[in-house]
Amino acid sequence: MSSHALTVRAGREALQTLRNGGFRADAFSTLLGASGGPKWLVLASMDRVLARHLVAGRTRPLHALGTSIGAFRHLCHAQRNPQVAFERFEEAYVGQAYEKKPTPSEVTEVSRRIFDVMIGETGIEEALGHPTLRLHVGAVRGRGPLGSDARARLAFGLGAAATANAISRRMLGMFFERVVFHSGDAPGMVFADVRTSNVRLTAANLRDATLASGSIPLVMAAIQNIEGAPPGLYRDGGITDYHFAMDFQAPDGLVLYPHFFDRIVPGWFDKPLSWRKARGRLLDRTLFLAPSREFVASLPGGKVPDRDDFVTHRTAERQRTWKRVLSECTRLADELHELIENDRIADVARPFA
């Protein structure tokens, strides 16, 4: 069954574990955070609940894999006071404004300012030194024409990559190399579909790695030559891992996946491909949380916030709408808290379609 506001899905192993032992923080080894820009606002209140019930007080490592906005969210979790970090992030993100259609470099500069507000004065050190949270920030390094920031070459390369991806996701490796920036001594994830490099996060590269993870081609400027990583131009990790194909190897334990929708789209180019679904074995041990379709229909405009809001709304109207979404989505957090506190998640969970 589904509760009114929250959709809960669980794989076979995840459901069995939850039935046997309830929601225990240390039962989870992995936290996923998808790309999605303003869509993250529907999860903001739920993130605060998870900061208390999943991240705080655990005794074993939690590997947090995020691309784009998912990486930003995980950095809030990794700070000493995540509740305050989320407040800073919300305020800076909702408050962004543009007088006219911005250039890619202008959007990147605003994103830098949002990052700086979110991370605060000591957040980088706190995140890298967190006792149990291990960050994994996903980005891609362009190859061939996608190794250029020239608009015409970039547009041509993106078109070619989209065509290749429609044939096979593995063909994305002709155009992109996945790069996972990780804290700790070793990466916690192993990918086999596209060539992947692993780079250790440091105080010198965490900011650029996180910005690169959300650098949407043609919308934002690529991040060039990140400290400690192979030379090149780095872009949005959602290109290969928009919502994740769920086919990579993760540490033993359950996977918690709070998401904006009840559909998982593997990569950025898969959005128009209705047949391209996440089918990886990792789904078997995943607990998946998303707003129900009925709840989304009740939000302003009947939808989750997205980048189109910058075009369809004037700045003040958009900011008011996003604040309403934040307020109304506290229902999701209240429902999640009640399910965890009363050990009812297994009762309401449904299998993946």
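Summary of computed values
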{"read-out": "Region 182-231: number of residues that are within 24 Å of Gly280 (Cβ to Cβ), in contact (Cβ under 8 Å) with a residue 24 or more places away in the chain and not small (Gly, Ala, Ser)", "value": "8"}
{"read-out": "2 or more residues more than 20 Å from His182 (Cα to Cα) and of a type in the set (A, V, I, L, M, F, W, C): qualifying helices (runs of 4 or more DSSP H) within region 39-105", "value": "44-50, 82-95"}
{"read-out": "Top-ranked residue of region 117-145 - restricted to ones that are under 18 Å from Thr67 (Cα atoms) and not aliphatic (A, V, I, L, M), ranked as surrounded by the fewest Cβ atoms within 10 Å (Cβ to Cβ)", "value": "Arg141"}
{"read-out": "First in region 87-111 and under 14 Å from Thr315 (Cα atoms) and touching a residue at least 40 places away in the same chain (Cβ under 8 Å), second anywhere and assigned to a helix (DSSP H, G or I) and among the acidic types (Asp, Glu), Cβ under 9 Å, 6 or more apart", "value": "Tyr98/Glu106"}
{"read-out": "Criterion: hydrophobic (A, V, I, L, M, F, W, C) and over 22 Å from Arg331 (Cα atoms) - qualifying residue of Val55, Val110, Val49, Val42", "value": "Val110"}
{"read-out": "Positions within region 96-116 being surrounded by 14 or more Cβ atoms within 10 Å (Cβ to Cβ) and either touching a Cys at 6+ places or on another chain (Cβ under 8 Å) or not charged (D, E, K, R) (or both), in sequence order", "value": "Gln96, Pro102, Pro104, Val107, Thr108, Val110, Ser111, Ile114, Phe115"}
{"read-out": "Verdict on Ile340 being among the aliphatic types (A, V, I, L, M), at pLDDT 95 or above and under 23 Å from Arg19 (Cα atoms)", "value": "yes"}
{"read-out": "Residues (in contact with a strand residue (DSSP E or B) (Cβ under 8 Å, 6 or more places away or on another chain) and either among the hydroxyl-bearing types (Ser, Thr, Tyr) or buried (at least 22 other Cβ atoms within 10 Å of the Cβ) (or both)) located in region 190-207", "value": "Thr196, Ser197, Leu201, Leu206"}
{"read-out": "Number of the exception - Phe244 against (1) modelled with pLDDT of 95 or more; (2) surrounded by fewer than 20 Cβ atoms within 10 Å (Cβ to Cβ); (3) assigned to a loop (DSSP other than H, G, I, E, B)", "value": "(2)"}
{"read-out": "Top-ranked residue of region 335-346 - restricted to ones that are part of a helix (DSSP H, G or I) and without any contact (Cβ under 8 Å) to a residue 40 or more places away in the chain, ranked as nearest to Tyr93 (Cα to Cα)", "value": "Glu338"}
{"read-out": "Scope region 150-170; condition in contact (Cβ under 8 Å) with a residue 60 or more places away in the chain and within 22 Å of Phe181 (Cα to Cα); matching residues", "value": "Arg169"}
{"read-out": "Residue count for region 7-33, restricted to those that are buried (at least 21 other Cβ atoms within 10 Å of the Cβ) and touching a strand residue (DSSP E or B) at 6+ places or on another chain (Cβ under 7 Å)", "value": "13"}
{"read-out": "Residue match in region 261-270 (condition: among the small types (Gly, Ala, Ser) and crowded, with 18+ Cβ neighbours inside 10 Å)", "value": "yes"}
{"read-out": "Hits in region 222-240 (condition: more than 19 Å from the chain's Cα centre (by Cα), farther than 22 Å from Asp185 by Cα and buried (at least 22 other Cβ atoms within 10 Å of the Cβ))", "value": "Leu233"}
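Residues checked against (1) in contact (Cβ under 8 Å) with a residue 24 or more places away in the chain; (2) among the polar types (S, T, N, Q); (3) surrounded by fewer than 21 Cβ atoms within 10 Å (Cβ to Cβ):
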site	(1), (2), (3)
Arg285	yes, no, no
Phe295	yes, no, no
Leu299	yes, no, yes
Asp306	yes, no, yes
Val311	no, no, yes
Arg318	no, no, yes
Lys323	yes, no, yes
Ser327	no, yes, yes
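Condition check ((1) at pLDDT 95 or above; (2) assigned to a helix (DSSP H, G or I); (3) of a type in the set (Gly, Ala, Ser)) across all residues:
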| residue | (1), (2), (3) |
| --- | --- |
| Ala221 | yes, no, yes |
| Ile239 | yes, yes, no |
| Phe269 | yes, yes, no |
| Ser274 | no, no, yes |
| Phe295 | yes, yes, no |
| Val304 | yes, no, no |
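The values are calculated or read from the model by the stated rules, or taken from the named source; none is laboratory data. Bear in mind the structure is a predicted one, so any value in this text is a computation, not a measurement. Backbone-built Cβ (ideal geometry, glycine too); neighbour counts: all protein chains shown.
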